[in-house]
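J.: Could you have a look at this structure, given as structure tokens, before my questions?
What follows is calculated from the coordinates using simple rules that are stated; it is not laboratory data. Predicted model only: the values in this text are computed from it and were never measured. A quick note on method: Cβ atoms are made from the backbone with ideal geometry, for glycine too, and the neighbour counts reach across all protein chains shown.
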Amino acid sequence: MALLRRPVRVATVSHRPSSGVDSPAGMDRLIKGAQLHIERAARTGAGLVAFTEIYPQLALADPFHHPEPAEGGTLERVRELARQHRMIIVWPRLEYDSVRKIRNTSILVGRDGEVIGRYDKMFPTIPRSW
């Protein structure tokens, strides 16, 4: 499947969310905030929106204590938003794989809500303080 057959407007989200994935209520607030960014991008005519690295964990004091499962967590709701808005979404987050190794992964979700691909950052930068 060809991902992009025509030029596309790209929107980027450079924003630190106020809630993270450390609780169900935090995850709900995080997704509602992400939805607002996606809707804003759609209004500008963007066909692709890319979120800030480790977006779901960015609000947390220690993001590395809250990785998400590779096939769960916020991903299902982001896939739903991609389908709803017919938008390609780059959803970067910390996730753990089948052997529970934490990965800094960017997930590419297509307009149909299907995961098109994943990129695992090989050498994550670990800041001195979050």
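J.: Hey, what did the stretch 1-120 get for relative contact order, percent, Cα under 8 Å, at least 6 apart?
T.: 23 percent
J.: From the phi of every residue in the stretch 115-121, what ³J(HN,Hα) in whole Hz does the Karplus formula 6.51 cos²θ - 1.76 cosθ + 1.60 yield, where θ is phi - 60° and glycine or proline is x?
T.: Each residue of the stretch 115-121 in turn: 6, 8, x, 9, 10, 9, 5 Hz.
J.: Where is the GNM fluctuation largest for the chain (alpha-carbon springs, 10 angstrom cutoff): LEU36, LEU48, LEU75?
T.: LEU36
J.: Based on the Cβ-Cβ distance from THR52 to VAL10, what FRET efficiency comes out when R0 is 22 Å, to the nearest 0.05?
T.: Efficiency, from the Cβ-Cβ distance: 0.95.
J.: Compute a Gaussian network model of the chain, connecting alpha carbons closer than 10 Å, and tell me which residue from GLU95, GLU76, GLU68 fluctuates the most.
T.: So, out of GLU95, GLU76, GLU68, the one fluctuating most is GLU76.
J.: Roughly what angle does helix 75-85 make with the longest principal axis of the chain, taking Cα atoms, 0 to 90 degrees, to the nearest 10?
T.: Long axis of 75-85 versus the principal axis of the chain: about 20 degrees.
J.: Relative to the first principal axis of the alpha-carbon coordinates of the chain, what is the inclination of helix 24-43, with its axis defined by its Cα atoms, in degrees from 0 to 90 and to the nearest 10?
T.: 30 degrees
J.: Here are some values of percent of Cα pairs over 19 Å apart: [x] 54; [y] 50; [z] 46. Which one was computed from this structure?
T.: After the calculation, the listed value that fits is [z].
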